[in-house]
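The values are calculated or read from the model by the stated rules, or taken from the named source; none is laboratory data. These numbers come from a predicted model, not from an experiment. We place every Cβ from the backbone using ideal geometry, glycine too, and count neighbours over all the protein chains shown.
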Amino acid sequence: MGLSSIFPSFFFLVFLALFIIEVHVQAQNLIFNVVKYGARPDGISDNTKAFNIAWNKACSSEGGNVVLVPNGLFLVGPLFLNGPCKGPITFHIQGILRAPADASSRDQDHWISFQYVDGLSIYGGGSLDGQGSSAWSYNTCLKDPHCKPLPATMRFDFVTNSTINHITSINSKGSHIILFGCNSFTIHNIKISAPGDSPNTDGINIGNSKNILIFDSEIATGDDCISMSPGSKTINITNIKCGPGHGISVGSLGGIPNEDVVDGVLVTNCNLTGTSNGLRIKTKANPSYPTTVSNLTFQQILVYNVANPIIIDQQYCPSKDCKPGASRVGISDVRFRTITGTTSTRVAVNLLCSSAKPCEEIELRDINIAYDGLPRGPATSSCSNVYGVAYGIQNPPPCIRRSL
């Protein structure tokens, strides 16, 4: 048998093998369309049952399966979408999901909850409408420090190796996205939107989670665009447009005993516009419990008309009824590098650290922030109990001390 007869047979066998593999893979990736299970995209029908059925079938089937939400307006929730699943799972949102606006919808801590899922992917170009305006007037957290938070649009508990991309979240009742106990989670190319005066509508809230990557997204809220609570470790935030909102925050910290530390945060190439704070670390003063925050870098940040562009606040008191005291949270090894733009308040760099635990190893490098308000004048710095170094351009002039 010559080579000319061997090669056609060989390539046919290769093609046949690849065809069999492709058919097998397709057979293992089933699509569970919520409409097939009774969902009606009319914006009126309650589709909670249909969504739960589709999720449970996809989760309990072998392979990497897809829950499909096609085009249309689906009223749904609250949803408890739990694992573990038998394989990776995709929540493919093409249409609009709308939260209920009745009183009972305010009783949960979430609208859509994912728990104990490994390999979750949420994408599709669709939107989630939290109907927050129906609930914001019931937010009492500014008066009551023990208030019950309003529902988050999406809450992820102990979700690993997962992604969210090309999704829009509109008008959450509470936070838009909460990550708790998550590991290896990527969020990119999303859009988050709520009015600047909507209460506690954090964009992305991270707690007790590690290896989190957030990039190429737009966040406009009535609270922090991104906040990192205790236990946030190895967080990378890149190319975020933030505003309105309260800026990008670490904390608050030290409010309860035995909090985990915050360690390894990188925030780079972000734009903040019209926010009430810029880059902020906040800790409680009284009561205050010991913990630490360290190894933080904020670099290549553009601020425009931002109040408090660079701020460490160790007297953080959102309810305004706190008692004077000294924070016991240790802050060290924090770098602010190449922060430029304008501030709407005279104090552009405000480092208010604790007398009990002074801030250490704080670096200011190439800070150039001009005051853009009335009466005209230069921007200033304010420091207490802070030690570190300053390099390069310094506008306003630095006030940190070089050593203890």
*asked:* Cβ-Cβ under 7 Å, sequence separation 6+ or interchain: first residue in region 250-269 and at positive phi, partner among the hydrophobic types (A, V, I, L, M, F, W, C) and crowded, with 16+ Cβ neighbours inside 10 Å. Which pairs?
replied: 251/281; 254/329; 264/235
*Out of all the residues in region 173-188, is one or more touching a Gly at 6+ places or on another chain (Cβ under 7 Å), of a type in the set (Ser, Thr, Tyr) and crowded, with 24+ Cβ neighbours inside 10 Å?*
no
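A quick yes/no check of all residues on (1) in contact (Cβ under 8 Å) with a residue 24 or more places away in the chain; (2) farther than 30 Å from residue 144 by Cβ; (3) under 23 Å from the mean Cα position of the chain (by Cα):
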residue: 289; (1), (2), (3): yes, no, no
residue: 295; (1), (2), (3): yes, yes, yes
residue: 298; (1), (2), (3): yes, yes, yes
residue: 301; (1), (2), (3): yes, yes, yes
residue: 313; (1), (2), (3): yes, no, yes
residue: 316; (1), (2), (3): yes, no, yes
residue: 325; (1), (2), (3): yes, no, no
residue: 330; (1), (2), (3): yes, no, no
*asked:* Checking the condition at pLDDT 95 or above and farther than 26 Å from residue 260 by Cβ, which residue from 331, 367 passes?
replied: 367
_Restricting to region 158-190, name every residue that is closer than 16 Å to residue 124 by Cβ and either touching a His at 6+ places or on another chain (Cβ under 9 Å) or touching a residue at least 40 places away in the same chain (Cβ under 8 Å) (or both)._
162, 163, 164, 165, 166, 167, 168, 169, 170, 188, 189, 190
*Tally time: how many residues in region 231-261 are out of contact with any Phe, Trp or Tyr (no Cβ under 9 Å at 6 or more places or on another chain) and within 17 Å of residue 318 (Cα to Cα)?*
5
*Residues of region 328-345 being out of contact with any Gly (no Cβ under 6 Å at 6 or more places or on another chain), at negative phi and of a type in the set (Gly, Ala, Ser), which ones?*
330, 332
*Odd one out for residue 58, checked against (1) outside any helix (DSSP H, G or I); (2) closer than 24 Å to residue 157 by Cβ*: (1)
_Please verify whether residue 77 is in contact with a strand residue (DSSP E or B) (Cβ under 7 Å, 6 or more places away or on another chain), at pLDDT below 95, not aromatic (Phe, Trp, Tyr) and not in a strand (DSSP E or B), treating the condition exactly as stated._
yes
*Determine whether region 232-243 contains at least one residue that is under 20 Å from residue 275 (Cβ atoms), part of a loop (DSSP other than H, G, I, E, B) and of a type outside the set (Ser, Thr, Tyr).*
yes
_Considering only residues that are modelled with pLDDT under 95 and of a type in the set (S, T, N, Q), which ones fall in region 379-404?_
403
*Just one of (1) within 26 Å of residue 293 (Cα to Cα); (2) free of Cβ contacts under 8 Å to residues at least 12 places away in the same chain trips up residue 140, so point out which.*
(1)
_The listed residue being assigned by TED's automatic domain parsing to the domain that holds residue 72, out of contact with any Cys (no Cβ under 6 Å at 6 or more places or on another chain) and farther than 22 Å from residue 210 by Cα, out of 120, 97_ = 97
*asked:* I'd like the full set of residues that are more than 22 Å from residue 305 (Cα to Cα), in contact with a strand residue (DSSP E or B) (Cβ under 8 Å, 6 or more places away or on another chain) and surrounded by fewer than 17 Cβ atoms within 10 Å (Cβ to Cβ), limited to region 356-383.
replied: 361, 363
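Can you tell me how many residues within region 51-72 are buried (at least 16 other Cβ atoms within 10 Å of the Cβ) and in contact (Cβ under 8 Å) with a residue 24 or more places away in the chain? Before the answer, list the steps.
From region 51-72, those buried (at least 16 other Cβ atoms within 10 Å of the Cβ) are 51-56, 58-59, 61, 63-70, 72; that's our starting set.
With the extra rule that they be in contact (Cβ under 8 Å) with a residue 24 or more places away in the chain, the set shrinks to 51-52, 55, 58-59, 61, 63-70, 72.
The qualifying residues number 15.
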_Hits in region 192-216 - residues which are closer than 15 Å to residue 237 by Cα, over 10 Å from the mean Cα position of the chain (by Cα) and surrounded by fewer than 24 Cβ atoms within 10 Å (Cβ to Cβ)_ = 210, 211, 215, 216
_Failed condition for residue 287, given (1) under 19 Å from residue 336 (Cβ atoms); (2) part of a loop (DSSP other than H, G, I, E, B)_ = (1)
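May I ask you to say which residue of 235, 256 is modelled with pLDDT under 95 and aliphatic (A, V, I, L, M)?
The conditions single out 256.
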*Kindly provide the set of residues from region 95-146 that are part of a loop (DSSP other than H, G, I, E, B) and among the acidic types (Asp, Glu), ordered by number.*
102, 107, 109, 144
*Within region 299-368, strands (runs of 3 or more DSSP E) holding 1 or more residues that are among the aromatic types (Phe, Trp, Tyr) and under 28 Å from residue 243 (Cα atoms)*: 310-316, 329-343
